[in-house]
Amino acid sequence: DAGVTQSPTHLIKTRGQQVTLRCSPKSGHDTVSWYQQALGQGPQFIFQYYEEEERQRGNFPDRFSGHQFPNYSSELNVNALLLGDSALYLCASSRFNSPLHFGNGTRLTVT
Amino acid sequence: AQSVTQLGSHVSVSEGALVLLRCNYSSSVPPYLFWYVQYPNQGLQLLLKYTSAATLVKGINGFEAEFKKSETSFHLTKPSAHMSDAAEYFCAVSGGRGDYKLSFGAGTTVTVRA
């Protein structure tokens, strides 16, 4: 049973560029959440997708957007990258009120 | 709004000694509380969760936590540390009932000495 898979594992981008991160949820899960974890900090909630709609959003600017596909997979898009966007981006999936299952993350470095 | 504070960013214990990680929460509604562990270059793994059932919650790998409403605490313990317990531990809170986000603490890094 595959867990949550994220791609790519590492990514280097330049300030001002755009990036797309991808996530496949654990089998049987229909809800995907995205978190940003800066170095030495706890994860911060970006948003959650359910039934292809953004159900809840954290305190992140509109440069952060997402999408959920009919197969429940999801993308996180970040436009106009800033140096401060460098972080580990974690995807988590769940179903109903089950606890979150996290992927291993995508390490984004912005230079 | 819900939030958690983890007391102590680093904890060092000897192998076989008690592990105690402290977490205090703030919540305007009865909270759902969680402890997660993160090993290097990996995502977060759920250790245990409290969802208003028993106040003493047992988790995986010998960890347990006790919910104390009077102290707004949810401290994590393990009676005997093992070298494999070296990792970063995060306490998190959710309001549940329509509040889907987890709010995490800053984390506590555990080092286990041989």
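Just so you know, all these numbers are worked out from the coordinates, no wet-lab data involved. Model, not experiment: these values are computed from the prediction. Please note: Cβ atoms are built from the backbone with ideal geometry, for glycine as well, and neighbour counts cover all protein chains shown.
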Whole-Hz couplings from phi, Karplus 6.51/-1.76/1.60, listed for the stretch A:13-28; x for Gly and Pro: 10, 9, 3, x, 6, 10, 9, 10, 10, 10, 8, 10, x, 4, 4, x
Among B:Ala53, B:Ala92, B:Tyr36 the positive-end extreme of the charge dipole of chain B (Cβ point charges): B:Ala53
Farthest positive-ward along the protein assembly as shown dipole, Cα basis, beta-carbon charges - from A:Pro70, A:Gly103, B:Ser70: B:Ser70
Simple label model, 7 Å out from Cα along Cβ direction - A:Ile12 to B:Arg97, nm: 5.0 nm
Descending Cα extents along the principal axes, the protein assembly as shown, whole Å: 48, 38, 34
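Among B:Lys49/B:Lys78; A:Lys26/B:Lys68; A:Lys26/B:Lys69, which pairs are too far apart, with a Cα-Cα distance over 27 Å?
Working: B:Lys49/B:Lys78 15 Å; A:Lys26/B:Lys68 33 Å; A:Lys26/B:Lys69 34 Å.
Beyond 27 Å: A:Lys26/B:Lys68; A:Lys26/B:Lys69.
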Cβ-placed point charges (K, R +1; D, E -1), dipole of the protein assembly as shown about Cα centre in debye, nearest 20: 260 debye
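Determine Rg/Rh for chain A; Rg is computed over alpha-carbon atoms and Rh is the Kirkwood hydrodynamic estimate from the same atoms. Working shown, then result.
Numbers: Rg = 13.1 Å, Rh = 13.8 Å.
A ratio of 0.95.
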Size of charge dipole - the stretch B:63-114 - debye, nearest 20, with Cβ of Lys, Arg +1 and Asp, Glu -1, no other charges: 80 debye
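Determine the equivalent ellipsoid of the stretch B:13-93 by diagonalising the alpha-carbon gyration tensor, then write out the semi-axes as square roots of 5 times the eigenvalues, largest first, rounded to whole Å. Intermediate values should be presented prior to the final figure.
Details: eigenvalues 97, 40, 22 Å².
Ellipsoid semi-axes (Å, largest first): 22, 14, 10.
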Cα centroid separation - the stretch A:34-111 against the stretch B:53-112, whole Å: 23 Å
Distant-in-sequence amide H partners of B:Leu48 (H built 1.01 Å from N, under 5 Å): B:Trp35
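Quick one: compute the contact order of chain A, relative version, from alpha carbon pairs under 8 angstrom and 6+ residues apart, as a percent. Each step should come with its number before you reach the end.
Details: 291 pairs, mean separation 41.0, N = 111.
Relative contact order, chain A: 37 percent.
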Restricting the stretch B:64-107 to GluC sites (Glu not before Pro) in coil, as DSSP defines it, with at most 10 other Cβ within 10 Å: none
